[in-house]
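Contents: one structure, followed by commentary.
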Number of protein chains: 4
Amino acid sequence: MKTLNFEVAADVDPAQLVYTFGGAQAKAELKPGTVVSTSTLDCFAGMITEAGVKPSALIDPRYLNPQTGPFYIEGAEPGDTLAIHFISIEPRFDWGVSTTVEFFGALTGTHDTALLQDPLPENTWFYDLDTEKRLVHFQALGSDLRLPLPLDPMHGTVGVAPALGEVRSALAPGNWGGNMDTPEMRAKTTCYLGVNVPGALFSLGDGHARQGEGETCGVAVECAMDTVFIVELIKGQAPAWPRIETDEYLITTGSTKPLEDAFRIANVEMVNWVSELLEIGTMDAYQLVSQTCLSPVANVVDTVYTMVCKVPKALLGETAAAAFGGAHQKLREKAAEWSAQK
Amino acid sequence: MKTLNFEVAADVDPAQLVYTFGGAQAKAELKPGTVVSTSTLDCFAGMITEAGVKPSALIDPRYLNPQTGPFYIEGAEPGDTLAIHFISIEPRFDWGVSTTVEFFGALTGTHDTALLQDPLPENTWFYDLDTEKRLVHFQALGSDLRLPLPLDPMHGTVGVAPALGEVRSALAPGNWGGNMDTPEMRAKTTCYLGVNVPGALFSLGDGHARQGEGETCGVAVECAMDTVFIVELIKGQAPAWPRIETDEYLITTGSTKPLEDAFRIANVEMVNWVSELLEIGTMDAYQLVSQTCLSPVANVVDTVYTMVCKVPKALLGETAAAAFGGAHQKLREKAAEWSAQK
Amino acid sequence: MKTLNFEVAADVDPAQLVYTFGGAQAKAELKPGTVVSTSTLDCFAGMITEAGVKPSALIDPRYLNPQTGPFYIEGAEPGDTLAIHFISIEPRFDWGVSTTVEFFGALTGTHDTALLQDPLPENTWFYDLDTEKRLVHFQALGSDLRLPLPLDPMHGTVGVAPALGEVRSALAPGNWGGNMDTPEMRAKTTCYLGVNVPGALFSLGDGHARQGEGETCGVAVECAMDTVFIVELIKGQAPAWPRIETDEYLITTGSTKPLEDAFRIANVEMVNWVSELLEIGTMDAYQLVSQTCLSPVANVVDTVYTMVCKVPKALLGETAAAAFGGAHQKLREKAAEWSAQK
Amino acid sequence: MKTLNFEVAADVDPAQLVYTFGGAQAKAELKPGTVVSTSTLDCFAGMITEAGVKPSALIDPRYLNPQTGPFYIEGAEPGDTLAIHFISIEPRFDWGVSTTVEFFGALTGTHDTALLQDPLPENTWFYDLDTEKRLVHFQALGSDLRLPLPLDPMHGTVGVAPALGEVRSALAPGNWGGNMDTPEMRAKTTCYLGVNVPGALFSLGDGHARQGEGETCGVAVECAMDTVFIVELIKGQAPAWPRIETDEYLITTGSTKPLEDAFRIANVEMVNWVSELLEIGTMDAYQLVSQTCLSPVANVVDTVYTMVCKVPKALLGETAAAAFGGAHQKLREKAAEWSAQK
């Protein structure tokens, strides 16, 4: 275990950043087992810093969700599994922003749900972040209302280069991960990603101080992050879609439209995972998942939508801990060891 | 407050039961404020009682989700709001069943998602219910695996007669309530339903000892219930879609296809509710809901799908308690009073 | 063959009309083989008669698509097939109207696709109909542009009482027919409907002087109609979804959301129909339909959406004429006989 | 006008071909106005040549829809419009094939509509093509049935490099064109594509001897093509989505899921186009399109689905011919001139 410090400069030229999964040269080569201490820019590359401004005046829509990475993982081959364990995800500064953007979000017509109505008004909300008290302060724009919300930091984009030679915008989620925008991508979780190209080309970004399930208006409490993660390589076993493991849950994901198909992907993935771990037939696993799963929406606003399927490990018995050869537990221990050494 | 005991006989002729919202004669007239102690048949009217059987051999698909009711609520007029507070929902017997049914469920083609593939196999899982230990025992059909799951009783169908002179099958959810199949419909919750016809014609049924979010295979742990509820009438204020309130959450619902539209309905309802309660503009409410809501799926298997949107009342400040004039708190107190008297 | 004249009075009280499929008493009893000469009100019951008015000021949204009927067909039992052959469908007056309605139509948010944007403006377009020249005159509201369009009269709603004891609004399409809004429902076509209740309870309405495929703004060129049809009864053979036959095409329909599921229904119906008529296996029929079908949208605006699947009979060989025992050809001959006698 | 001959060798190594839009080096540079006479491989690169075989035994799913191109168009800049006029599209050989592929097609579960059912059987249908009689011969696999169908050649994939630095598989349709699979892409049509990168990087492939609307089983009558087209450049005026013009129709396209959103895109595009050409307001154009458009499905099987919206130019008056400065008419004349010279 060896730490690599890798920091994104604050004054970087947006046009020089990476805005895709695939298609970019590796910024660093990592040996499996490395602890990476890094930072990520917010989704606007820090260009929006105050309440009340119209985002379209400040940002170029071609340059959103800048990525930290990609990282080339030594030995990663197509069909392998990358296990990314997040040791910590902490806001880099004491502020975050959210915005409304014309024709973007779940409660407006969009470029895909194309309608003739006028757009909703653009605007920006500024949030004070208090990492001591673990609070995010909502301040209404049209009144004095101010409400403290729990800080709950996470990454919206986590992914690898896609298959079929594709290069995908960091606004898109898919089976390579990408812009899944699920609040489950917190510290102390392990994300499993199937590898599609040599070296995997892993990157991450789009930190959120918190978000609701669905990211309804399309924009979370966006902030730069200081993030520490371990990258591990599991030979073979590539899951068809990204999976997440926490101390409490097995989590599968699916990203597509319509939203029921994202639900179907995540649930088929979970039925197959439970069937394999518990060594029961598909129909028994279908029944068990049907009575035990939690099904929160991740996002209903990106190029396609993301659902997660969560099953409490406690309900599945001891075999649930064996997922990916017990990788999550081992990574939790490595993380504790690293934290102790620091 | 006056208690009305109303029990469904176990040996009733299925063809004589009520399988619709609307279109049936009231079984009783209730004054607002009445506590009703009643029972409901399971969704199969008790016709499926053992593991391993094929449901299609035992049930007539025209007769599913038999309703207890309808109840005519005195004074209820179109535009009013019915507040149904569930004091208790308890399994009537020590067993429940779940099944797979051909071309029904989220992970199979259906009569709507019409495909050419062969159906999944039909089968029945039998669950022992332990109301003392609050457990539901899953027993695999193809192996010895047996797992205890938490008992979490609820009603799948709760609703009133629809608008526009419609009569709707008890398999359909919609803005009248109906087969929403959300695990949020537990004891200690209040369900708000807009009234469409004089007397509202409220009914309930389809008890579940527990279900996963989405009811993936289409069938929960189905069981007969003993249920006690208070029916209250709020003049006017009819919500466009059913809402639920618990001690912790404001909850809105939406039922349609595709699933993202159900999400949109539930979220627009919540944005409007939060805007009204907190006296903030729509865009501020949109922002606040976007950062705070939980978005679990209710069902992805019925004639249309149901989403709920949940916002923690603790995050909204004190004004959140004022929903529907504080009806939930008052009903919680009435329920406590009734329980004490019993 | 016997003609029954049945006319809707122009000054009828809207609240006394029939706005549902199912749930209404039969207006007449018909023997199979009867020629019915009748009239239908326009979808607004004649309440909108000039350009530029706001429809919401003139109409009660509970009372739309008034039906002529229902007709009780002697001998019709569940599982039988009603064959309705349209001899003629002709505008009753020399005018039609179309409107935009708030939150209704394909290019606006709706009550189901619930959004926060302001509604599109309401308005009314008035069309002069010229039945001699077979023209419908479009007149722009905001300019002098006037364009003649071909007259192409049809019925938007054609259906029977639904199954499961349901009563459905005449705004809804489904497997009982109803508000399918397909321009295929012209004169010289035969519509096959599965019977769900004794007597079938057939009705029709919602005449359109013409409409685009999809009925994009939600409202066609609406007009009262004089319509002559033959009602025939085929014992058994009920199709799962309404079918249409013309001299040139076999046509299946499917109505649900999302639109791809409506496509799937219509295509599965066609694969099964072709497989049966040509006595080939399902996979061969799937292949043949895949290379030959036309797939126009019917509507994307009603409570659910309707797709049709059309296969040219000329491509299927002679067996295609045998559909429903050659019913269409026989009805064409009866119609010719009736026209000659007149 | 100058002709460039460019031929794809039949024995090329599949792995050396181009399977993406974007991400490949230009094969040739073309001046606007060039007539290109070229050939395209079939979607399987000629690897499937007989009835009854299982495609999965013969093809690598990473290598489908090989493209001829990309072509770098001199002077093409982002925001410009490429006008591709097809002079002729003719089957290169006297045969075509269609197949069923596991978990691909509209009437089966897929990787996106993820289900637990067994796949439909794989198989291959072989078609004799008769370019003299303009026929395609369907031969059933399970019986002697043989049916002649009209030859109607077209290209499934026509497109340019996408925006946002993306590289997309030739299996995907989108606003860059790509795998739209619409039978409208015939000879004598002009396709307008917005340019996203310098040189546009246009390519084409996936010839179909004919296909039904929707390409229901996922595979048309696939064949190699000899194709002649003119590439023209229009400065600026980039349409948001590909458009097509024929002598009879203005055609817009939209590609996304669910299918109703593809319909919405195509219809919004048409409303805007008609509004601009006829110099009428948006609401008047919405009304006019609603009463005049044809709405055939293109495909319901690719990564996302494609709808087209067609309005007869004859119904719009003379101004309809002015689309893109009359480009279609000019290209028709150039094509006639080229044909005369040959």
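What the table below lists for this structure:
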item: Every residue from the range C:161-175 that is open to solvent by less than 20 Å² (accessible area, probe 1.4 Å) and within 24 Å of C:VAL221 (Cα to Cα); result: C:SER169, C:ALA170, C:ALA172, C:PRO173, C:GLY174
item: Top-ranked residue in the range C:67-88 [being buried (at least 18 other Cβ atoms within 10 Å of the Cβ) and within 14 Å of another protein chain (Cβ to nearest Cβ); ranked as nearest to A:GLN117 (Cα to Cα)]; result: C:GLN67
item: Among (1) β-branched (Val, Ile, Thr); (2) part of a loop (DSSP other than H, G, I, E, B); (3) at the interface with chain B (Cβ under 9 Å from one of its Cβ atoms), the one test that A:VAL297 misses; result: (2)
item: Selection within the range C:222-240 - open to solvent by less than 30 Å² (accessible area, probe 1.4 Å) and not in a strand (DSSP E or B); result: C:CYS223, C:ALA224, C:GLY236, C:PRO239
item: Extreme residue, nearest to B:LYS330 (Cα to Cα), among residues of the range B:83-111 that are without any contact (Cβ under 8 Å) to a residue 60 or more places away in the chain and not β-branched (Val, Ile, Thr); result: B:ASP94
item: Any hit, the range B:232-239, residues being farther than 30 Å from B:LEU120 by Cα, touching a Pro at 6+ places or on another chain (Cβ under 7 Å) and of a type in the set (Val, Ile, Thr); result: no
item: When residues of the range D:189-210 are limited to those that are out of contact with any strand residue (DSSP E or B) (no Cβ under 7 Å at 6 or more places or on another chain) and over 19 Å from D:GLY254 (Cα atoms), the one surrounded by the fewest Cβ atoms within 10 Å (Cβ to Cβ); result: D:PRO198
item: Selection from the range B:50-66 of residues that are over 20 Å from the mean Cα position of the chain (by Cα) and open to solvent by less than 70 Å² (accessible area, probe 1.4 Å); result: B:ALA51, B:GLY52, B:VAL53, B:PRO55, B:ILE59, B:ASP60
item: Count of the range A:220-233 residues which are touching a Leu at 6+ places or on another chain (Cβ under 8 Å) and more than 14 Å from every other protein chain (Cβ to nearest Cβ); result: 7
item: The range B:116-141, subset in contact (Cβ under 8 Å) with a residue 60 or more places away in the chain and within 14 Å of chain D (Cβ to nearest Cβ), residue most open to solvent (accessible area, probe 1.4 Å); result: B:ASN123
item: Selection status of B:ALA170, at pLDDT 95 or above, touching a Phe, Trp or Tyr at 6+ places or on another chain (Cβ under 8 Å), in the same structural domain as B:PRO55 (by TED's automatic domain parsing) and farther than 22 Å from B:MET307 by Cβ; result: no
item: Subset of the range D:89-115 that is under 30 Å from B:THR100 (Cβ atoms) and of a type in the set (A, V, I, L, M, F, W, C) - its residue that is surrounded by the fewest Cβ atoms within 10 Å (Cβ to Cβ); result: D:PHE103
item: Among the residues listed as D:ALA335, D:ALA314, D:ALA266, the single one being farther than 20 Å from C:LEU259 by Cβ, outside the structural domain of D:SER169 (by TED's automatic domain parsing) and in contact with a strand residue (DSSP E or B) (Cβ under 9 Å, 6 or more places away or on another chain); result: D:ALA335
item: In the range A:206-219, the residues that are more than 7 Å from every other protein chain (Cβ to nearest Cβ) and within 20 Å of B:VAL311 (Cα to Cα); result: A:HIS208, A:ALA209, A:GLY218, A:VAL219
item: Residue satisfying all of: in the range D:241-251; open to solvent by 10 Å² or more (accessible area, probe 1.4 Å) and in a loop (DSSP other than H, G, I, E, B); farthest from D:MET270 (Cα to Cα) among these; result: D:ASP247
item: Any hit, the range D:319-332, residues being in a helix (DSSP H, G or I), open to solvent by less than 40 Å² (accessible area, probe 1.4 Å), in contact with a Lys or Arg (Cβ under 6 Å, 6 or more places away or on another chain) and within 11 Å of another protein chain (Cβ to nearest Cβ); result: yes
item: Residue within the range C:20-28 that is within 20 Å of C:GLU222 (Cβ to Cβ), out of contact with any helix residue (DSSP H, G or I) (no Cβ under 8 Å at 6 or more places or on another chain) and open to solvent by 50 Å² or more (accessible area, probe 1.4 Å) present; result: no
item: Test for D:ILE73: is it touching a Pro at 6+ places or on another chain (Cβ under 8 Å), within 25 Å of D:ILE234 (Cβ to Cβ) and at pLDDT 95 or above; result: yes
item: Those residues of the range A:252-273 which are among the polar types (S, T, N, Q) and open to solvent by less than 10 Å² (accessible area, probe 1.4 Å), in sequence order; result: A:THR252, A:THR253, A:SER255, A:THR256, A:ASN267
item: Selection count, the range D:82-123, where residues are among the acidic types (Asp, Glu), more than 22 Å from D:THR303 (Cβ to Cβ) and not in a strand (DSSP E or B); result: 2
item: Candidates A:GLY79, A:GLY69 - the one that is part of a loop (DSSP other than H, G, I, E, B) and either touching a Ser or Thr at 6+ places or on another chain (Cβ under 9 Å) or in the same structural domain as A:ASP152 (by TED's automatic domain parsing) (or both); result: A:GLY79
item: Residues within the range B:53-63 that are closer than 17 Å to B:ASN123 by Cα, touching a Phe, Trp or Tyr at 6+ places or on another chain (Cβ under 8 Å) and assigned to a loop (DSSP other than H, G, I, E, B), tallied; result: 2
item: Members of the range C:155-188 that are charged (D, E, K, R) and in a loop (DSSP other than H, G, I, E, B); result: C:GLU166, C:ASP181, C:GLU184, C:ARG186, C:LYS188
item: Subset of the range A:274-293 that is hydroxyl-bearing (Ser, Thr, Tyr) and farther than 13 Å from B:TRP125 by Cα - its residue that is least open to solvent (accessible area, probe 1.4 Å); result: A:THR292
item: Search result, residues across the range C:272-291 that are facing chain D (nearest Cβ under 7 Å) and part of a helix (DSSP H, G or I); result: C:LEU278, C:MET283, C:ASP284, C:TYR286, C:GLN287, C:LEU288, C:VAL289, C:SER290, C:GLN291
item: Among the residues listed as A:ASP144, A:ASP152, the single one being within 11 Å of chain B (Cβ to nearest Cβ), part of a loop (DSSP other than H, G, I, E, B), within 17 Å of the chain's Cα centre (by Cα) and surrounded by fewer than 20 Cβ atoms within 10 Å (Cβ to Cβ); result: A:ASP152
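Yes/no per residue for (1) over 21 Å from C:ALA298 (Cα atoms); (2) at pLDDT below 95:
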site: D:VAL271; (1), (2): no, no
site: D:GLU318; (1), (2): yes, yes
site: D:GLY326; (1), (2): yes, no
site: D:LYS334; (1), (2): yes, no
site: D:LYS342; (1), (2): yes, yes
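The values are calculated or read from the model by the stated rules, or taken from the named source; none is laboratory data. Bear in mind that the values here come from a model prediction, so they are computed numbers and not experimental data. Quick reminder, even Gly has a Cβ in these numbers, built from the backbone with ideal geometry, and neighbours come from all protein chains shown. Just so you know, the surface numbers come from the protein's heavy atoms only, side chains and all, with ligands and any DNA or RNA stripped out. Shrake-Rupley method; radii C 1.70, N 1.55, O 1.52, S 1.80 Å.
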